[in-house]
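As structure tokens, the structure follows; a few thoughts come after it.
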Amino acid sequence: MRRSSFLVDNQYTLLDVADIVMIDPIGTGFSRPLGDTPGTAFWGVDEDARSLTQFIRRFLSQYRRWNSPRYLLGESYGTTRSAVLAGHLQGANIDLNGIVLVSSVLDFQTIQFPPQAIVAYVVNLPSYALVAAYHQALPAGAPKDLQAFLGEVEAWAVNEYATALLAGSRLSSSDRDRVIQRMHEYTGLSPDYLDRANLRVTSPEFRQELLRSRSLQVGRLDARFTGPIGQPLDRTPIHDVQSTAISSAYTSLFNAYLREELGYDGVREYTPSGAARPWNWSRQGDGGRGDTPNVAPDLARAILRNPELEVLLVNGVYDLATPYFAAVWTMDQLGLPPELRDNIQRADFAAGHMMYVEEDLLPQWREALSAFIRRTSR
């Protein structure tokens, strides 16, 4: 059978460390509801976790793997899913050795920018600074010590910047001017723009504004990517230049792999991004916050219930979809006792949302995951 010339063996596979079971939840991949069951029976935060719990129980029994070490790895919404699923699995007497959260979002207030919001602006600011430094857009030039610079920005964001936003209209003119100047130094955005934005710049606005003078926008999933800005007066980008750059290639090659190498000849099409809509974001007792879910308490409860459960937080620092500092801040809010805080380890990559797409980073990717699995499976 002919193999695509673009398809190569993965020399960084984890199959020598662990078996990999990839699950397509209902409405993704080839998974569809059976019979007359509507998709909405599975499309929700807890509905999704319940169906996956059922699948995992059946898998463990069918393949006689009940005594094997068990892990979840989720990316993006998959991290939301993993936090909720861990609790559902515990309710079915299935404990986990570890959870890998890749490009994490557990508390959605960290990535949403409603009026008068504070948290999202604070936890996104360090990413703005890092991206501005990468694109040589900082007024003072590239920082001599990038890590020290980021530490400075992170500390300023959660202290002086957060205080200024909390003050609102009570912020004095002199303090406001000082905050604008510091934001200019950290983000590369002009003082005039920051003044008109009232100290609040959303992630889409930042992506559109940072390189506007060069007629470029920056990517959402990986802010190192740039593309034409489109309509010069638009406040936000009309697409994500990184996603546009790679999505077709990945979809095409995977479909070729299914048919040319695996021999799939069915009529059902593989759904790469999912058709699971409408999604039920509401949860019992969420106080009406269904549009801004926070599943971080689910993860905290899972760790408290199983103190042996460990978490690996994997961040791509150029990711503006799920910013690295938002994920770190969320972990800091779990309220874990001191003896359990070390259950959460962190691995940062000089990459975007999908750090594994860069071949040069695959050795780091393999090392981070294999070391975590080996250590926690004993």
Helices (runs of 4 or more DSSP H) contained entirely in the stretch 165-226, each with at least 1 residues that are in the same structural domain as A148 (by TED's automatic domain parsing) and under 23 Å from the mean Cα position of the chain (by Cα) = 173-187, 203-209
Test result for V179, in contact with a helix residue (DSSP H, G or I) (Cβ under 9 Å, 6 or more places away or on another chain), of a type in the set (A, V, I, L, M), buried (at least 18 other Cβ atoms within 10 Å of the Cβ) and under 18 Å from Y134 (Cβ atoms) | no
Filter the stretch 79-93 down to residues that are among the hydrophobic types (A, V, I, L, M, F, W, C) and in a helix (DSSP H, G or I) and give me whichever is farthest from the chain's Cα centre (by Cα).
-> L89
Within the stretch 17-40, work out how many residues are in a loop (DSSP other than H, G, I, E, B), more than 24 Å from the chain's Cα centre (by Cα) and more than 28 Å from P69 (Cβ to Cβ).
-> 7
Which one of these does E75 not meet: (1) surrounded by 21 or more Cβ atoms within 10 Å (Cβ to Cβ); (2) closer than 24 Å to T28 by Cα?
-> (1)
Flagged in the stretch 120-141 as without any contact (Cβ under 8 Å) to a residue 24 or more places away in the chain and either in contact with a helix residue (DSSP H, G or I) (Cβ under 8 Å, 6 or more places away or on another chain) or at negative phi (or both), in numbering order, are A133
Checking I246 against (1) closer than 27 Å to V123 by Cβ; (2) aliphatic (A, V, I, L, M); (3) free of Cβ contacts under 8 Å to residues at least 60 places away in the same chain; (4) out of contact with any strand residue (DSSP E or B) (no Cβ under 9 Å at 6 or more places or on another chain), which test does it fail?
-> (3)
Output for Cβ contacts, cut-off 7 Å, separation at least six or different chains, first residue among the charged types (D, E, K, R) in the stretch 30-42, second assigned to a loop (DSSP other than H, G, I, E, B), reads R32/I26
Criterion (aromatic (F, W, Y) and either under 22 Å from V328 (Cβ atoms) or buried (at least 17 other Cβ atoms within 10 Å of the Cβ) (or both)) met by exactly one of F108, F55, F59 | F108
Checking Y324, Y356, Y318 in turn, the sole residue that is crowded, with 19+ Cβ neighbours inside 10 Å and touching a strand residue (DSSP E or B) at 6+ places or on another chain (Cβ under 7 Å) turns out to be Y324
Does S68 meet the test of being surrounded by 13 or more Cβ atoms within 10 Å (Cβ to Cβ), in the same structural domain as Y356 (by TED's automatic domain parsing) and among the hydroxyl-bearing types (S, T, Y)?
-> yes
When (1) in contact with a Leu (Cβ under 6 Å, 6 or more places away or on another chain); (2) surrounded by fewer than 17 Cβ atoms within 10 Å (Cβ to Cβ); (3) of a type in the set (G, A, S) are applied to S173, the one that fails is (1)
Please tell me if Y128 is in contact with a Lys or Arg (Cβ under 8 Å, 6 or more places away or on another chain), assigned by TED's automatic domain parsing to the domain that holds G188 and not in a loop (DSSP other than H, G, I, E, B).
-> no
If you scan the stretch 78-104, which residues turn out to be farther than 11 Å from A302 by Cα, touching a helix residue (DSSP H, G or I) at 6+ places or on another chain (Cβ under 6 Å) and buried (at least 24 other Cβ atoms within 10 Å of the Cβ)?
-> L101, S104
Taking Y128 as the residue in question, decide whether it is aromatic (F, W, Y) and touching a Ser or Thr at 6+ places or on another chain (Cβ under 9 Å).
-> yes
Which of (1) within 26 Å of L125 (Cβ to Cβ); (2) without any contact (Cβ under 8 Å) to a residue 40 or more places away in the chain does E367 not meet, given it meets every other one?
-> (1)
Among the numbered conditions (1) hydrophobic (A, V, I, L, M, F, W, C); (2) closer than 30 Å to R65 by Cα; (3) under 21 Å from the mean Cα position of the chain (by Cα), tell me where V119 comes up short.
-> (2)
Do you know which residues across the stretch 139-154 are assigned to a helix (DSSP H, G or I) and exposed (fewer than 12 other Cβ atoms within 10 Å of the Cβ)?
-> Q147, A148
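The values are calculated or read from the model by the stated rules, or taken from the named source; none is laboratory data. Keep in mind that what you see is a predicted model, and the values were worked out from it rather than measured. Because the Cβ atoms are built from the backbone with ideal geometry, glycine has one as well, and the counts that use them run over all protein chains shown.
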